[in-house]
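Chemist: Mind having a look at this structure? Questions to follow.
The values are calculated or read from the model by the stated rules, or taken from the named source; none is laboratory data. Remember, it's a predicted structure, so these values are computed and weren't measured experimentally. Using ideal geometry, Cβ is built from the backbone for each residue, glycine included, and neighbour counts are taken over all protein chains shown. The accessibility values were calculated without ligands, DNA or RNA, using every heavy atom of the protein model including side chains. Shrake-Rupley method; radii C 1.70, N 1.55, O 1.52, S 1.80 Å.
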Amino acid sequence: IENMSTKKLCIVGGILLVFQVIAFLVGGLIAPSPTTAVPYMSVKCINVRKNHHKTKWLVPWGPNHCEKLKDFDEAVSRQIEANDIVFAVHIPHPKKEMSPWFQFMLFIMQLDIAFKMDNDLKENAEITLDVSLAYRDTAFDDWKEIARAIEIRKLKCTFGSPKTPDSEGRHYDCEFLPFMEIGSVAHKYYLINIRLPVNERKGINVGIGEIKDIRLVGIHQNGGFTKVWFAMKTFLTPSILIIMVWYWRRITLMTRAPVLLEKVIFALGISMTFINIPVEWFSIGFDWTWMLLFGDIRQGIFYAMLLSFWIIFCGEHMMDQNERNRLSGYWKQVGPIAVGSFCLFIFDMCERGVQLKNPFYSIWTTEVGTELAMAFIIVAGICLCLYFLFLCFMVFQVFRNISGKQSSLPAMSKARRLHYEGLIFRFKFLMLITLACAAMTVIFFIVSQVTEGHWKWGDITIQVNSAFFTGIYGMWNLYVFALMFLYAPSHKNYGEDQSNGDLGVNSGEELQLTTTITHVDGPTEVYKLARKEAQE
């Protein structure tokens, strides 16, 4: 019996390991890099209309391109004011098109600021940007406005040389500035116009140094990676749905009500399915700018459910019969999860929620916004630390209690003893798998950050970042799949005989791998073991 149970467990583990390796290889060998960064240099256009808010769109190149300035020395010689200069950026580069498969666009800005004695960069200087975004789908369409805003960014620059006349013309070393994020790429061409309005009386764009150029770096998801990602979601969705239906059907066939742990495992399966459902397919045909926010919410629900499951899983294997099988008994442990998740949700709504209306907005650009964002993140971090303290304490208690229970095993019949040894082994096995999944997530995240993005072995190129995304995503799906498979209720009747202080089994009874939690009408098998020792 012991060999049969171990053999089944090894077969299941081997199958899951094969699928896990496939998940990593799909990202490493088939998918390209997840994202691409494209640099853009703005073109200085002349616009001498008085009402700048109603001007035409200025295009840097093409048949109707704007009148260009080579540099600001030319603007001075031609007596063109700063308010009449527009920095124009066309996305993408000539002879290319954007695609809905790119999913999102993220832009950061870099300013080329030169040192000049009579126009020095002040400390804590702020730059005011009058920015606008437009799109069109053919080269002959008119540009249509998406958004327009007045944004302020703090300049954080250093100058590595003494500020003397000999250093004039050298550039400051400035940090990148957050510029724009948009959650869909539904159109082929985009146009950005940037003005730097100057008003000396109000102190707008005064003391910001001599700006020579504005550079943008656009980051978008690779279309090839998007297709692989969508394919994985499409494959995994029915897989998890099938095991969920099978799992819940096993529960409903029982003559008793589901216990708390069964409900939590099922809820974890629902949250995993919520992530898996490939609604992103619709983003190929619809301009759904809220997909980034929706994706964050889906991931937040899953991780909150996963953390809650770990707490309840440990708690349901502890000795306290009075607090068991009631969600209210875990408010101290689940409370920090709820508070931390709520803080991160509010932070995300303050950032990406506002960007649905104004893609140029960033919560980090103002002191109040930065302090508010840091407050939410710090509170969430404190809640996470409290959670892990609770979890470590509960894991320690569970292993201590299980070690105590093992002393009662020799008094049982051989079949029943082997059965309970299997239960304890599977509990420890799941804890080991949980730690391995968490460790792999952290390790692959670190590796993806410190490597160049790919490894080359001879003629084979492995995309490390893509392997991280597909592998970790597949790993947590397999984790949820294994949970519902191994912890589904059993309908085998083991029978109980309390008269002689032991638990008997019927002859010819088969021990089933999935008999790990529930009996037909009684509590979980581990609960029975705890009660048996208490009675003795």
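Chemist: Report, by residue number, each residue of the range 198-224 that is out of contact with any Ser or Thr (no Cβ under 9 Å at 6 or more places or on another chain), acidic (Asp, Glu) and part of a strand (DSSP E or B).
Modeler: GLU210
Chemist: Could you please find all residues in the range 233-285 being without any contact (Cβ under 8 Å) to a residue 24 or more places away in the chain and charged (D, E, K, R)?
Modeler: Pass one, the range 233-285, residues without any contact (Cβ under 8 Å) to a residue 24 or more places away in the chain: 235, 238, 242, 245, 248-249, 252, 257-258, 263, 279, 282.
Hits for the range 233-285 are ARG249, LYS263.
Chemist: Can you tell me which residue among PHE399, PHE360 is over 22 Å from SER341 (Cβ atoms), among the hydrophobic types (A, V, I, L, M, F, W, C), at pLDDT 75 or above and touching an Asp or Glu at 6+ places or on another chain (Cβ under 8 Å)? Break it down into steps so the answer makes sense when it comes.
Modeler: Numbers: PHE399 fails: touching an Asp or Glu at 6+ places or on another chain (Cβ under 8 Å).
Testing whether each residue is over 22 Å from SER341 (Cβ atoms), among the hydrophobic types (A, V, I, L, M, F, W, C), at pLDDT 75 or above and touching an Asp or Glu at 6+ places or on another chain (Cβ under 8 Å) leaves just PHE360.
Chemist: Only residues that are closer than 20 Å to ALA304 by Cβ and either in contact with a Lys or Arg (Cβ under 8 Å, 6 or more places away or on another chain) or surrounded by fewer than 17 Cβ atoms within 10 Å (Cβ to Cβ) (or both): list them for the range 249-265, please.
Modeler: Here is the first cut: in the range 249-265, the ones closer than 20 Å to ALA304 by Cβ are 260-265.
Correct list: LEU260, LYS263.
Chemist: Could you say whether any residue in the range 66-76 is of a type in the set (A, V, I, L, M), part of a helix (DSSP H, G or I) and open to solvent by 50 Å² or more (accessible area, probe 1.4 Å)? Walk me through how you get there before you give the answer.
Modeler: Here is the first cut: in the range 66-76, the residues of a type in the set (A, V, I, L, M) are 69, 75-76.
In the following step, the residues that additionally are part of a helix (DSSP H, G or I) were identified as 75-76.
With open to solvent by 50 Å² or more (accessible area, probe 1.4 Å) added as a condition, the list becomes 76.
Yes, that holds for at least one residue.
Chemist: If I filter the range 120-140 down to residues being part of a strand (DSSP E or B) and not aliphatic (A, V, I, L, M), which single residue comes out as most open to solvent (accessible area, probe 1.4 Å)?
Modeler: GLU126
Chemist: Something else now. For the range 163-174, check the following and say yes or no: at least one residue is without any contact (Cβ under 8 Å) to a residue 60 or more places away in the chain and basic (Lys, Arg).
Modeler: Yes, the range 163-174 has at least one match.
Chemist: Right, next: Would you mention how many residues in the range 390-404 are hydroxyl-bearing (Ser, Thr, Tyr) and under 21 Å from VAL334 (Cβ atoms)? Show your work before the answer.
Modeler: Step one: filter the range 390-404 for residues hydroxyl-bearing (Ser, Thr, Tyr), giving 403.
In the following step, the residues that additionally are under 21 Å from VAL334 (Cβ atoms) were identified as none.
The number of residues fulfilling the criteria is 0.
Chemist: Still on this model: Could you check the range 141-197 and list, in sequence order, the residues that are open to solvent by 80 Å² or more (accessible area, probe 1.4 Å) and of a type in the set (Ser, Thr, Tyr)?
Modeler: Within the range 141-197, just THR158 meets the criteria.
Chemist: Just the residues that are free of Cβ contacts under 8 Å to residues at least 60 places away in the same chain and charged (D, E, K, R), please, taken from the range 127-136.
Modeler: Taking the range 127-136 and keeping what is free of Cβ contacts under 8 Å to residues at least 60 places away in the same chain, we get 135-136.
Across the range 127-136, the qualifying residue is only ARG136.
Chemist: In addition: So is VAL339 in contact with a Phe, Trp or Tyr (Cβ under 8 Å, 6 or more places away or on another chain), open to solvent by 50 Å² or more (accessible area, probe 1.4 Å) and either at pLDDT 85 or above or not assigned by the TED database to the domain that holds SER271 (or both) or not? I'd like the intermediate steps shown before the answer.
Modeler: Values: in contact with a Phe, Trp or Tyr (Cβ under 8 Å, 6 or more places away or on another chain): no; open to solvent by 50 Å² or more (accessible area, probe 1.4 Å): yes; either at pLDDT 85 or above or not assigned by the TED database to the domain that holds SER271 (or both): yes.
Spelling it out, it is not the case that VAL339 is in contact with a Phe, Trp or Tyr (Cβ under 8 Å, 6 or more places away or on another chain), open to solvent by 50 Å² or more (accessible area, probe 1.4 Å) and either at pLDDT 85 or above or not assigned by the TED database to the domain that holds SER271 (or both).
Chemist: Report yes if some residue within the range 302-320 is exposed (fewer than 15 other Cβ atoms within 10 Å of the Cβ), in the same structural domain as VAL480 (by the TED database) and farther than 23 Å from CYS383 by Cα; otherwise report no.
Modeler: Of all residues in the range 302-320, those exposed (fewer than 15 other Cβ atoms within 10 Å of the Cβ) come to 320.
Still in the running and in the same structural domain as VAL480 (by the TED database): 320.
Imposing the further condition that a residue be farther than 23 Å from CYS383 by Cα reduces the set to 320.
Yes, some residue in the range 302-320 is exposed (fewer than 15 other Cβ atoms within 10 Å of the Cβ), in the same structural domain as VAL480 (by the TED database) and farther than 23 Å from CYS383 by Cα.
Chemist: Report the residue count in the range 141-197 for those that are of a type in the set (S, T, N, Q) and in a strand (DSSP E or B).
Modeler: Within the range 141-197, the first condition is being of a type in the set (S, T, N, Q), and the residues that meet it are 158, 161, 164, 167, 184, 193.
So of that shortlist, the ones also in a strand (DSSP E or B) come out as 158, 193.
Total meeting the criteria: 2.
Chemist: While we're on this one: Report yes if some residue within the range 94-117 is assigned to a loop (DSSP other than H, G, I, E, B), over 26 Å from GLU200 (Cβ atoms), touching a Ser or Thr at 6+ places or on another chain (Cβ under 6 Å) and touching a residue at least 12 places away in the same chain (Cβ under 8 Å); otherwise report no. Working first, answer last.
Modeler: Going through the range 94-117, the residues assigned to a loop (DSSP other than H, G, I, E, B) turn out to be 94-99, 103-104, 115-117.
Right, trim to over 26 Å from GLU200 (Cβ atoms) and you get 94-99, 103-104.
With touching a Ser or Thr at 6+ places or on another chain (Cβ under 6 Å) added as a condition, the list becomes 103.
Filter once more, keeping what is touching a residue at least 12 places away in the same chain (Cβ under 8 Å): 103.
Within the range 94-117 (the criterion being assigned to a loop (DSSP other than H, G, I, E, B), over 26 Å from GLU200 (Cβ atoms), touching a Ser or Thr at 6+ places or on another chain (Cβ under 6 Å) and touching a residue at least 12 places away in the same chain (Cβ under 8 Å)), the answer is yes, since at least one residue qualifies.
Chemist: Out of the residues in the range 344-371 that are of a type in the set (D, E, K, R) and more than 20 Å from CYS383 (Cβ to Cβ), state the one that is surrounded by the most Cβ atoms within 10 Å (Cβ to Cβ).
Modeler: First, pick out the residues of the range 344-371 that are of a type in the set (D, E, K, R): 348, 351-352, 357, 367, 371.
From what's left, more than 20 Å from CYS383 (Cβ to Cβ): 352, 357, 367.
On the way: ARG352: 22, LYS357: 10, GLU367: 9.
The selected residue is ARG352.
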